[in-house]
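This report concerns only the one structure given below.
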Amino acid sequence: MERWNPGGMTRTHPGIPEFRHSRTRAKGVGVIMEHIHTAAQNHYRHQPKTWARACVALCLLLAPIQAVRAETGNEGLIASPEPDWPQWRGPRRDGISNEKGLLQSWPQEGPALLWKAEDLGKGWSSPIIVGPRIYITGDVGDDLVIYALDRTGAIQWQVKNGRSWRNPYPGARAACVYSEGRVYNLNAHGRLVCLDAATGRELWDTNILERFKGRNITWAISECLLIDGPRLIVTPGGTEAQMAALDKRTGQTLWTTPRLGNDNTTYSAPILFQYAGRRVIVNCSSAHGFGVDADTGELLWTVPAKNPHGANVAAPVYGAGRVLFMTPHAELGRAYRLEANERGMTAELAWKSHIDAVTGTGLLLDGIVYAAGYRDRKWWFGIDWQTGETRSELKDLTTGAALYADGRLYILDEAGTAALVKPGPDRMEIVSQFRLTPQRVRDAWAHPVLLDGRLYLRYHDTLWCYDVKDRR
């Protein structure tokens with residue numbers, strides 16, 4: 001018997017019809033069709049004619065409905081179902097907040113400081129926020145520590161997640177991710193932990209480098225984990241898996257994607273979106289950008305993203321059927337046009353750009369992607385999403401990370417300047433700015449977070465919370 005592949009056309013018996021099941025694995029109709037086909041496989045030998053006729057009738061009845069679901073499903077980045085700011089860069093991992101009623105400019109000294117939490121350890125991980133708690137990590141001595149704070153900055157609990165990173169650029173790397181009452185974090189050595197969000201109690205752990213036969217990289221694994229429904233997505237870059245989906249409740253392996261040649265893992269974080277009726281996860285390895293089917297782990301396409309250091313740091317950017325990868329020192333910025341066909345999906349080069357963002361990645365807004373250069377031109381650019389042409393430049397801020405809310409970009413550059421910037425199709429204008437750190441630094445790399453009119457900025461062991469709500 002040939003095994004049924006829900007993503008394609010497979011004839012398992014001469015009396016059972018072929019049909020295509022949408023890659024979206026939509027609940028309802030899709031599940032019914034799966035049950036019908038499974039039942040047909042189990043009972044065909046006993047009642048071949050009856051089952052064949054029943055399957056033909058039901059599949060013909062339900063297939064059009066399923067096709068409509070696939071064709072009319074919402075395309076674009078897929079948001080976390082959790083409230084607030086449950087993962088790195090927000091609900092859709094795009095750095096965009098839907099909040100309104102925010103200050104359009106700040107006083108000279110900056111917005112009002114509500115509180116700051118200190119002694120959180122060294123690191124660049126951004127906070128995530130769900131309900132009454134803020135979750136953030138820091139390296140303290142020999143340990144990576146995960147903290148849960150309340151909305152006033154007071155510590156509610158703290159637990160260790162293995163060893164700290166003591167080699168070049170010491171400090172905590174990856175942000176936590178929240179899902180259904182649990183918090184997950186990956187440390188610099190590949191230790192993945194699942195915690196009870198309310199208490200910090202450890203529920204399970206695994207080391208993804210050991211488990212999937214990968215090896216650590218020069219500046220340590222830094223992946224901000226992705227939750228997709230029941231799955232926890234990791235990119236170990238080992239001989240047993242380039243990417244893997246784990247059961248978020250138990251840690252068991254659900255699917256794996258074969259290794260890409262001799263590629264290792266790298267420093268970037270995956271994104272999740274729907275395109276052409278398929279749910280796609282995109283990330284980088286040490287030498288490629290790649291897309292996989294979110295439901296099966298099937299490799300859909302790869303593109304070159306190689307540099308001398310195997311360091312792809314910026315997360316991919318997605319919009320309107322295109323994916324942008326930014327690779328310093330070599331490929332730089334390359335946008336690829338996705339095309340779905342009967343054989344699967346391809347990625348064709350759409351345009352090239354000089355942009356080579358690293359820690360800050362890119363933010364796509366109204367047809368312009370905003371990102372800061374890294375190696376030669378360490379300032380901000382607005383780049384046309386259709387053509388790759390530079391539309392604007394802002395040289396008063398150095399490379400950094402940004403979020404967008406209510407008509408403004410909130411930028412924290414690596415020198416420790418926090419700025420409120422008005423974006424436009426052909427210019428970026430600094431409206432307000434202040435120094436987060438008293439001295440000029442070179443490693444303010446944590447991404448800003450904005451929730452409920454509060455702006456959260458982190459520099460190593462301190463987290464600041466500012467009031468940016470317009471209260472007039």
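Of all residues in the stretch 323-347, count the ones that are among the basic types (Lys, Arg), surrounded by fewer than 19 Cβ atoms within 10 Å (Cβ to Cβ) and modelled with pLDDT of 95 or more.
1
If we keep just the residues of the stretch 295-346 that are in contact with a Leu (Cβ under 6 Å, 6 or more places away or on another chain) and aliphatic (A, V, I, L, M), which is farthest from THR390 (Cα to Cα)?
The selected residue is MET345.
Which residue pairs have Cβ atoms closer than 7 Å, lie 6 or more positions apart in sequence or on different chains, and pair a first residue in the stretch 436-452 that is under 19 Å from VAL313 (Cα atoms) with a second residue that is among the basic types (Lys, Arg)?
The qualifying pairs are ALA446/ARG458; HIS447/ARG89.
Given the criterion in contact (Cβ under 8 Å) with a residue 40 or more places away in the chain, among the aliphatic types (A, V, I, L, M), in the same structural domain as VAL193 (by TED's automatic domain parsing) and closer than 24 Å to ASP196 by Cα, identify the matching residue among ILE281, ILE271, ILE227.
Going through ILE281, ILE271, ILE227 in turn, the sole match is ILE227.
In the stretch 169-180, which residues are more than 27 Å from ASP228 (Cα to Cα) and either in contact with a His (Cβ under 8 Å, 6 or more places away or on another chain) or part of a strand (DSSP E or B) (or both)?
The answer is GLY171, and nothing else.
Can you tell me how many residues within the stretch 408-427 are acidic (Asp, Glu) and under 24 Å from the mean Cα position of the chain (by Cα)?
So the count comes out to 2.
Within the set of pairs 6 or more residues apart or between chains, which connect a residue that is part of a loop (DSSP other than H, G, I, E, B) inside the stretch 234-248 to a residue that is crowded, with 24+ Cβ neighbours inside 10 Å and of a type in the set (Asp, Glu) with Cβ atoms less than 7 Å apart?
The qualifying pairs are THR235/GLU223.
Would you check if there is a residue in the stretch 204-216 being within 24 Å of THR266 (Cβ to Cβ), among the aromatic types (Phe, Trp, Tyr) and buried (at least 24 other Cβ atoms within 10 Å of the Cβ)?
yes
Which residues, taken from the stretch 438-460, are of a type outside the set (Phe, Trp, Tyr), part of a loop (DSSP other than H, G, I, E, B) and at pLDDT 95 or above?
Across the stretch 438-460, the qualifying residues are VAL441, ARG442, ASP443, ALA444, ALA446, HIS447, PRO448, ASP452, GLY453, HIS460.
If I ask for residues that are without any contact (Cβ under 8 Å) to a residue 24 or more places away in the chain, of a type in the set (D, E, K, R) and surrounded by fewer than 18 Cβ atoms within 10 Å (Cβ to Cβ), which ones from the stretch 348-383 would you list?
Selection gives GLU348, ASP376, ARG377.
For the condition loosely packed, with under 15 Cβ neighbours inside 10 Å and touching a residue at least 24 places away in the same chain (Cβ under 8 Å), what is the one hit in LEU113, LEU149, LEU120, LEU144?
It is LEU113.
Of all residues in the stretch 93-110, how many are more than 23 Å from SER179 (Cβ to Cβ) and surrounded by 15 or more Cβ atoms within 10 Å (Cβ to Cβ)?
Residues meeting the conditions: 4.
Please enumerate the residues belonging to the stretch 298-310 that are surrounded by fewer than 21 Cβ atoms within 10 Å (Cβ to Cβ) and part of a loop (DSSP other than H, G, I, E, B).
Result: GLU298, LYS306, ASN307, PRO308, HIS309, GLY310.
Output the residues belonging to the stretch 203-224 that are closer than 16 Å to VAL193 by Cα and touching a Phe, Trp or Tyr at 6+ places or on another chain (Cβ under 7 Å).
If the condition is that a residue be closer than 16 Å to VAL193 by Cα and touching a Phe, Trp or Tyr at 6+ places or on another chain (Cβ under 7 Å), then SER222, CYS224 are the ones that fit.
The values are calculated or read from the model by the stated rules, or taken from the named source; none is laboratory data. As the structure is a computational prediction, the values presented were derived from the model and not from experiment. Reconstructed Cβ throughout: ideal geometry from the backbone, glycine too, with neighbour counts over all protein chains shown.
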